Structures are given as structure tokens and as C-alpha cells.
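**Q** First the structure, which I've put down as C-alpha cells, then a few questions once you've had a look.
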Amino acid sequence: MIKSMTGYGSAKGSSGKLEITVELRSVNNRFLDCGVKLPRVYTCLEDGIKARIQKSISRGKVDVFITIDASKADDVVIEVNEPVADAYMAALKCLSDKYGIPNDATAMGLARMQDVLAVTKRDTDVERLGADIDAILTAAIDDFNTMRAREGERLYDDISARADEIERLVGLAEERSPQTVAEYRERLEARLREVLENNSVDETRIVTEAAIFADKTAVAEETVRLRSHLSQLRSLLKSDEPVGRKLDFLVQEFNREANTIGSKGNDVQMARIVVDLKSEIEKVREQIQNVE
């Protein structure tokens, strides 16, 4: 069954005394665009996290948020980045001397400067942490996919209903096409009789003209292809594989056949059928933009 590209999932767990929370959010996107946000000290794990996402998700803009709470850990180390602190102090003294203003630097003020203090984890087993994050990420992806599957069911129901309506309209076009030819023949015969002042009309000429008209306005090829496309559409909707791009291409083919039918039809009823047909195809196209 198809999945939606939009969704949310989360999971929590721990690695030693570190409390870990993983959240995933996604919106529509033509390709997979994955962004990972986690504490700077653990950025070395980012590539592995992205690789894990790529195994489970094929399309969408996916944001992964990983928070690591070390408040219960006893291995937190806060260090002073002395070269950075010295540079800040020198800059403050320069400002004070040049502009004749008090140098009111305080330890607290200096500590608030960017990169003056560095928070590190003493002897953190990064390999173990990466494995634990991966396990929690897997649980979050499962939750995420469950939501996407539920949304996919709604998309399936809506697109299937519109496919049924498209099939009904295709049937109307098939019924209308021969009627159009018959009406054309009647109009042609009436005009010829009017021109010839009710004298005998060459039946062969009428048959020939009607045959030419029928050949130009026949929509059998287009409706057969549309029915084939509908069959493929229904098959793709039931697939467990990502099919969004295939569906997008298939809808282009729907539009191509509908446009051809519209160019061949030359009466009001057929035009109305084509308008309704293209309207339903457009609604399907809009929904397919949400499919992975």
C-alpha cells in the first residue's frame, strides 16, 4: 500500500546515563532531502544517521532532531578555551583604551561569549552511542512509517474513487463517439438535400464523408489506452514500494490521452465529458504529489 510523504514519528531511549530523544518530521519534496540536527559534539554520527534514513525513506524533505540529555550523567567536563578567552579579553581592552570607556568585563560575561566554554563528555564511547541512537532511530522510523501508512490509506481511497470516476467518464466518451458520427451523417444528408433541392442524394458520398469524419473523431485508441493506464494506476496504488514518481509520469499520460480526445471531439456533449475528465485527472495529480 502506498505511503504519504508527510509524517511525524518519535522515540526515546538511553545510552548509559544519556537520555536520547529522536524526532522525525517530513513534508513533500521531489527527491529525498535529509537534514539532521544533533549536539555539535556528536556531529561525527550524522553521516550514519542519514544513511539509516536513506534505507527507509525514498522521497520527501525529512528533518531528524536528536536531543541528548546529559543532566544525569557524571562525566560532564566544562573546559575553558583559553585562546578564545584571551582574544575576547584583548578585544575588550582595545575597545576600552581606544574609546575611553570602562572595561567592565566579568567572568560571567566572558563565559557567555561564543566558544569560550566547551562542554565535553569524558571518555564517551561514541561507537556504543551511535549504536544506541540507531536503535532509537529505528523505533522512531517505525512510528513515522505507521503515520505515513495511515495517510497513505486515505490517499489510496481518494485516488481510487477518482479513478472510478475517470473510468465512468471514459465509458461516456466511448458511448458518445459513435453517436457523434451518426448525428454528423444526418446533418450532412440534410444539408446535401437542401443544396440539391430535395433531389436524389448520392448515398456513396454520404457514406464516404461519414467514414472520413468517423476516422478523424474516433477515440477508441485513446480510451483503450486510458483504460490500460487505469489498470496500471490501480496496480501501483497497491504496491509496497515507493511509486510516487511512476504515478506522476502515469498521470502525464492520462492528460495526453484526454487532450487528444478533446481535440477530436467537436460537439458540446463530448466537450463536457472531456472537461470533467481533465478535472478528475488534475485532482489525481494533486493527490499523487503527496505519495512517496
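The values are calculated or read from the model by the stated rules, or taken from the named source; none is laboratory data. Keep in mind that what you see is a predicted model, and the values were worked out from it rather than measured. All Cβ positions, glycine included, derive from the backbone under ideal geometry; neighbour counts span all protein chains shown.
**Q** Scan the strands (runs of 3 or more DSSP E) fully inside region 31-141 and keep the ones with 2 or more residues being in contact with an Asp or Glu (Cβ under 8 Å, 6 or more places away or on another chain) and either without any contact (Cβ under 8 Å) to a residue 60 or more places away in the chain or within 21 Å of Y8 (Cβ to Cβ) (or both).
**A** Where strands (runs of 3 or more DSSP E) fall fully within region 31-141 and carry at least 2 residues being in contact with an Asp or Glu (Cβ under 8 Å, 6 or more places away or on another chain) and either without any contact (Cβ under 8 Å) to a residue 60 or more places away in the chain or within 21 Å of Y8 (Cβ to Cβ) (or both), they are 32-37, 60-69, 117-121.
**Q** Do we have V243 as crowded, with 16+ Cβ neighbours inside 10 Å and within 21 Å of T6 (Cα to Cα) here?
**A** The answer is yes for V243.
**Q** Assess whether D240 counts as being modelled with pLDDT under 95 and either in a helix (DSSP H, G or I) or acidic (D, E) (or both).
**A** Here the answer is yes, as D240 does meet what is asked.
**Q** Further question on the same structure: In region 159-179, what count of residues is obtained for those that are of a type outside the set (A, V, I, L, M) and either touching a helix residue (DSSP H, G or I) at 6+ places or on another chain (Cβ under 6 Å) or assigned by TED's automatic domain parsing to the domain that holds V27 (or both)?
**A** Number of matching residues: 5.
**Q** Now a separate question. Exactly one condition in (1) part of a strand (DSSP E or B); (2) within 30 Å of F144 (Cα to Cα); (3) out of contact with any Leu (no Cβ under 9 Å at 6 or more places or on another chain) is false for V22; which is it?
**A** If we test V22 against (1) part of a strand (DSSP E or B); (2) within 30 Å of F144 (Cα to Cα); (3) out of contact with any Leu (no Cβ under 9 Å at 6 or more places or on another chain), just (3) comes out false.
**Q** Pick out the one residue from S58, S26, S10 that is surrounded by 15 or more Cβ atoms within 10 Å (Cβ to Cβ), touching a helix residue (DSSP H, G or I) at 6+ places or on another chain (Cβ under 9 Å), at pLDDT below 95 and of a type outside the set (A, V, I, L, M, F, W, C).
**A** Exactly one of S58, S26, S10 is surrounded by 15 or more Cβ atoms within 10 Å (Cβ to Cβ), touching a helix residue (DSSP H, G or I) at 6+ places or on another chain (Cβ under 9 Å), at pLDDT below 95 and of a type outside the set (A, V, I, L, M, F, W, C), namely S58.
**Q** So is R285 out of contact with any His (no Cβ under 9 Å at 6 or more places or on another chain), at pLDDT 95 or above and charged (D, E, K, R) or not?
**A** It is true that R285 is out of contact with any His (no Cβ under 9 Å at 6 or more places or on another chain), at pLDDT 95 or above and charged (D, E, K, R).
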